[in-house]
Amino acid sequence: MSGARSGYPQLERLILERFRLNAAPYVGGLADTSPAGWWRCLAVAQHHGLPTRLLDWTASPLAGLYFATAPATEAGADRVVYRLPTPQALTAEEFAHRFPLPPWKYDNQTILFLQPDLTHSRVSAQSSLFSVHPGRLDRWGSELYEEQVDRITIPGDASVEILTSLYRFGITRARLFPGADAVADTIVWEARGKVIDAPAEMGIDDAV
């Protein structure tokens, strides 16, 4: 085992503890330092952009299509959606009962799935669940899951049309990331795509 890899649990613990302490004013439920509390904290941290041993999945095909195609460009690289048979997911409490350790001590070599608390607005909106990987995420899945995964390629030049269709079904950044920032992002996208009416002489830079 390399020195960098052997030091990963200590790094994981450090950044997760710092997230718990510094994000507590903005996110509820982070005071719990039981194993189940740490697994819940890990899921919230992943949702807010902290690098973790988790990999995001969604039970919603439309949400998955949104994440694959946003941001859209007229002539960009091809996009990919990975489809996996619905796994059996464990709650944080079930995970802690099965592995009564905090995440940085988790060394199970079988990739399992974690169902985060649906009380978190992003989790509920995105129909989220996570695959839990041993140590660093050097590979996104085990051989078992790679055999079961379907890879669906989306031409890059189709992303704009797909995002527009998803918009008509109510799948927007404002829907998937509840909050004022995402509402503003969606309105800017609407204006740039001429989904909403604006005076002809007014450009998006003037509007925002």
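Since every read-out is calculated from the coordinates, none of them should be taken as a lab result. Nothing here was measured: the structure is a model prediction, and the numbers come from that model. Cβ: placed from backbone, ideal geometry, glycine included. Neighbour counts: every protein chain shown.
Data table
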| read-out | value |
| --- | --- |
| Label-point separation, Asp107 to Arg83 (7 Å along Cα→Cβ), nm | 3.9 nm |
| Highest average packing first - 178-187, 34-43, 63-72, Cβ atoms within 10 Å | 34-43, 63-72, 178-187 |
| Protection proxy ranking, peptides 95-105, 163-173, average beta carbon neighbours within 10 Å, highest first | 95-105, 163-173 |
